[in-house]
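The values are calculated or read from the model by the stated rules, or taken from the named source; none is laboratory data. In this text the structure is predicted, and so the values were computed from the model without any measurement. Positions of Cβ are generated from backbone atoms using ideal geometry, with glycine treated the same way; all protein chains shown enter the neighbour counts. For accessibility, only protein heavy atoms count, side chains too; no ligands or nucleic acids. Shrake-Rupley method; radii C 1.70, N 1.55, O 1.52, S 1.80 Å.
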Amino acid sequence: MSALPMLDDVPPLLVVDGLTVAYGTRVGCRDVSFELWPGEVLGIVGESGSGKTSLLNALSARIEPAAGRIHYRLRDGTLADLFGLSEAARRQLLRTDWGVVHQNPRDGLRLTVSAGANVGERLMAIGARHYGEIRGAALDWLGKVEIDRDRIDDRPSGFSGGMQQRLQIARNLVTKPRLVFMDEPTGGLDVSVQARLLDLIRGLVADLGLSAIIVTHDLAVARLLAHRLMVMRGGEVVESGLTDQVLDDPQHPYTQLLVSSILQV
Amino acid sequence: MTEMLAGYNFAYLDEQTKRMIRRAILKAVAIPGYQVPFGSREMPLPYGWGTGGIQVTASIIGRADVLKVIDQGADDTTNAISIRRFFARTAGVATTERTVEATIIQTRHRIPETPLKAGQIMVYQVPIPEPLRWLEPRETETRTMHALSEYGAMHVRFYEDIAHHGRIATTYDYPVIVNDRYLMRPSPIPKFDNPKLDMSPALQLFGAGREKRIYAVPPFTKVKSLDFHDHPFSVESWDEACSLCGSTTSFLDEVLTDDRGGRMFVCSDTDYCRSRTA
């Protein structure tokens, strides 16, 4: 695990305070507060239905929270209230400064256009209008995520699950985001492909100095990628702390249960 | 002039409907390129045959107007004749095949080669008005994209064209930006006609009957075709000249003349071709 950046004089990138997501009278997550620093990877773990994805969707401004505030530090250094920004500014953030990696690559990719167009789309969306440069960037990124360059004109519908997931990552990182949201990035992949993908994500996060929030139910993924962990249950955060501390010395009964439920091979 | 059918209101539609469509047209002219929803009516012809265009024409036509209708550039095709006769019988207006004489020109596939004048109105029959539809199936989302001018992803289509064909292979219904603001589908005209949309002295109205949308390009409005810096917009060109009138500057149709490979190229705009040979 790479060392945490020096936090003393660096201001946080994301400040979340009392965040609650509700679907009518049902609660997605309740009263979640935390801070995320530049270069830090935060893991959110918990069982299905514990509110992980609700929290992630609210953090990435894709659903509006019922209560609480999210502040995000923009590139110019100002700390902005996310839902105080205009919808245009929020969507701009989502296309440029943030990346969202979906569990199912079909949700994050355009399956009817080529891999190159998938990577180039975000560049075009922020104003790139030079075909040669867009293609150059796409080739470069395919290389970085270990997809053969001669697949650039193939459609991702013909790719394997692992390749689709790597393409999705390239598509998100091409605009050099500062914060990436990942929802179960290794879900549905077999273990050896998972391992390669985790290696790749870990390398990219370290090389690019990305901050990331990773939702997973897989504690091994959390152990490998996350600096810090939040454990959720029933919509609430029951425990949080450094990854090794939470996993090696769990305090909350639910975390203890979670850690002890891992099958030992 | 043909005699008018008894029992029908002038130009078929009732006055309330015409007023509603005129309001939509006024709004469309005020916001160039913006798709204005309207209460499209059932018309006595099938969807896809020009129900949108015919409703726009019906609500703007007056007794003094002279109507020209073209289909694929030709005045003598079935649909063009039917629509022309429809208005001759329900409005009793004069019709013409001559571009210079017409005050209203209803069309689907072409803009006449003869330059349009101030005071003329082009009415386009539009099948699918939403340029972002292929990219995004949700109407709520495409409206937001229009509202926020999020058009960057439109270029994905051109990227695909160049990646697979080496050039932008979109040849008709080529998307444009109107007045530096709204992305618009110019109906299935060839991209050859796109430059004629730009700064045209004529008012251009677009009606989509099935999709219930009207939009407009007012006279002298900037219309720019999308492209890449290193693959600029260009129009079709031919190695041949028109076999009838010898034009080298008009849009040509290829016509097969026998089953032994014989073919000829002729102007798609029949009135233009005729005016050059007469």
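Miscellaneous remarks
- Computed on the Cα trace of the protein assembly as shown, the radius of gyration divided by the Kirkwood hydrodynamic radius gives Rg/Rh = 1.10.
- Residues of the stretch B:171-272: accessible area per residue with a 1.4 Å probe, Å²: 45 Å²
- Lysine pair number, Cα distance threshold 18 Å (strictly under), the stretch B:148-278, separation 8 or more or different chains: 4
- Dipole in debye (nearest 20) - the stretch A:98-177, about Cα centre, beta carbon charges: Lys, Arg +1; Asp, Glu -1: 180 debye
- Residue-averaged beta-carbon neighbours from other chains (10 angstrom radius) around A:128-141: 4
- Applying Stokes-Einstein at 10 °C and 1.306 mPa s to the Kirkwood radius of chain A, computed over alpha-carbon pairs, gives a translational diffusion coefficient of 83 µm² s⁻¹.
- Percentage, to the nearest whole number, of Cα pairs in the stretch B:184-278 over 21 Å apart: 52 percent
- Charged-residue dipole, Cβ positions (Lys, Arg, Asp, Glu), the stretch A:109-265 about Cα centre, Debye nearest 20: 580 debye
- Per the Debye formula on identical point scatterers at the alpha carbon atoms of the stretch A:2-92, with no solvent, log10 I(q)/I(0) at q = 0.10, 0.25 Å⁻¹ is -0.28, -1.34.
- Cβ crowding within 10 Å averaged over residues, with B:124-132, A:197-205, A:61-69 ranked highest first: B:124-132, A:197-205, A:61-69
- Separation of the stretch A:129-153 and the stretch A:167-190, taken as the distance between their Cα centroids, equals 17 angstrom.
- Among B:213-219, A:83-89, A:246-252, B:81-87, the peptide with the highest mean count of other Cβ atoms within 10 Å heads the list, and the full ranking is B:213-219, B:81-87, A:246-252, A:83-89.
- Scanning chain B for long hydrophobic helices, with DSSP H runs required to stretch 20 angstrom or more by C-alpha along their axis and to average at least -0.5 on the Kyte-Doolittle scale, returns B:15-30.
- Against the compact-protein benchmark of 2.2 N^0.38 Å, the Cα-based radius of gyration of chain B scales to 1.02.
- Longest DSSP-loop-exposure-free segment, GluC sites (Glu not before Pro), chain B, at most 10 other Cβ within 10 Å: B:43-278
- Computed over chain A, relative contact order equals 25 percent, with contacts defined as Cα pairs under 8 Å that lie 6+ residues apart.
- The stretch B:1-126, relative contact order in percent, only Cα pairs under 8 angstrom and at least six apart counted: 29 percent
- For the stretch A:99-244, the convex hull spanned by the alpha carbon atoms encloses 116 Å³ per residue.
- Rel. contact order, % - alpha carbon contacts under 8 angstrom, at least six apart, the stretch A:135-182: 41 percent
- Under Karplus coefficients 6.51, -1.76 and 1.60, residue-wise ³J(HN,Hα) of the stretch A:58-75 in Hz, glycine/proline x: 5, 4, 8, 6, 9, 10, 8, x, 6, 8, x, 10, 10, 10, 10, 7, 6, 4
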